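Each reported figure results from applying straightforward, stated rules to the coordinates on display, with no laboratory input. All of these numbers come straight from a predicted model, not from anything done at the bench. Counting neighbours? That spans all protein chains shown, and the Cβs are built from the backbone with ideal geometry, glycine included.
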Amino acid sequence: MTIPVVLVHGLRTSRTMWRAQVEALAAYGCRALAVDLPGHGARRGERFTLDGAVAAVAAGVDAVGGRALVVGLSLGGYTAIAHAARHPEQVAGLVAASCSTRPLAVLVDGWSVLARGIARLPDAGAGLNQGMVDRVLSAEAARDVAAGGFALDVVDDALREMRAADPVADLARVCAPVWLVNGRYDHFRGEERRFLRACREGRLVVVPGATHLVSLTAPVRFTRVLLDVVDAVSAREAAGARV
């Protein structure tokens, strides 16, 4: 039986960023559910907390049967790691994409200063955000991320919550197999070897030509990786069930 998949989006985006992967997984015969984190997508207006984000992932896993392959990108990757450490019984496998740098205070505080400056712009940074989307994504990927709206007002909350996150320590507690998936030109892959060493059972996949938003900038390559992981985790679960 194919393992279900729960997908967790990045900062400011929503579950709609996973459209291509959800469709590919469905065509593969795999049940897939993309969730919205607090403050994003259908949950815009809520305050973002890491506890609330982990709870959203847990609810998503419950919705697909109580055990799943959890896939997260960027903020969603950090959230997925925290969820796997707190709820091992729910996680058959973990794909943590674009999140192989510790959220150290010096880095997070620098991003916070920049984010507050952008938030004070007359349009709260909407034009800057759209310009970045148009510059780095294909027209199709840009439509996917825009479909759920952009949560421009959640950045400060998310960065504050990330200051308390410890993904390396969390990875050391994860019993399930972990795949770290990074774009070749991702600025968040600086500590991927440290993250890999923290895993009990870890693998590192670097996607050629891709940047930080690896599932959007290299959707075909990323989806191929994801389908390979689905096969590996499904086989592992089936073997465990036979023991």
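Summary of values
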read-out	value
Relative contact order [Cα under 8 Å, 6+ residues apart], region 5-242, whole percent	23 percent
Extension gain from ALA55 to GLU201, taking 0.36 nm per residue of separation minus the Cα-Cα distance	50.1 nm
Global form of region 155-200, assessed from the alpha-carbon gyration tensor, a/c cut-off 1.5	oblate
Most positive-pole-ward Cα, ALA151, SER100, HIS9, against dipole of region 5-242 from beta carbon charges	SER100
Whole-Hz ³J(HN,Hα) from phi, Karplus 6.51 cos²θ - 1.76 cosθ + 1.60, for region 70-75, glycine and proline x	9, 10, x, 10, 6, 4
Tilt relative to the chain, helix 219-242 - C-alpha long axis, 0 to 90 degrees, to 10	40 degrees
Ascending count of other beta-carbon atoms within 10 Å, so fewest first, for VAL57, VAL155	VAL155, VAL57
Neighbour-count ranking [beta-carbon atoms within 10 angstrom, fewest first] of ASP144, ASP231	ASP231, ASP144
Pairs of alpha carbons in the chain whose separation is greater than 28 Å (percent)	25 percent
Rounded to 10°, Cα long-axis angle of helix 105-119 versus longest principal axis of the chain	50 degrees
Those trypsin sites (Lys or Arg not before Pro) in region 170-226 that DSSP places in a loop and that have at most 13 other beta carbons within 10 Å	ARG184, ARG200
Residue exposure sequence - MET162, MET1 - by fewest surrounding Cβ within 10 Å	MET1, MET162
Between 0 and 90°, nearest 10: helix 126-136 axis offset from the chain longest Cα axis	50 degrees
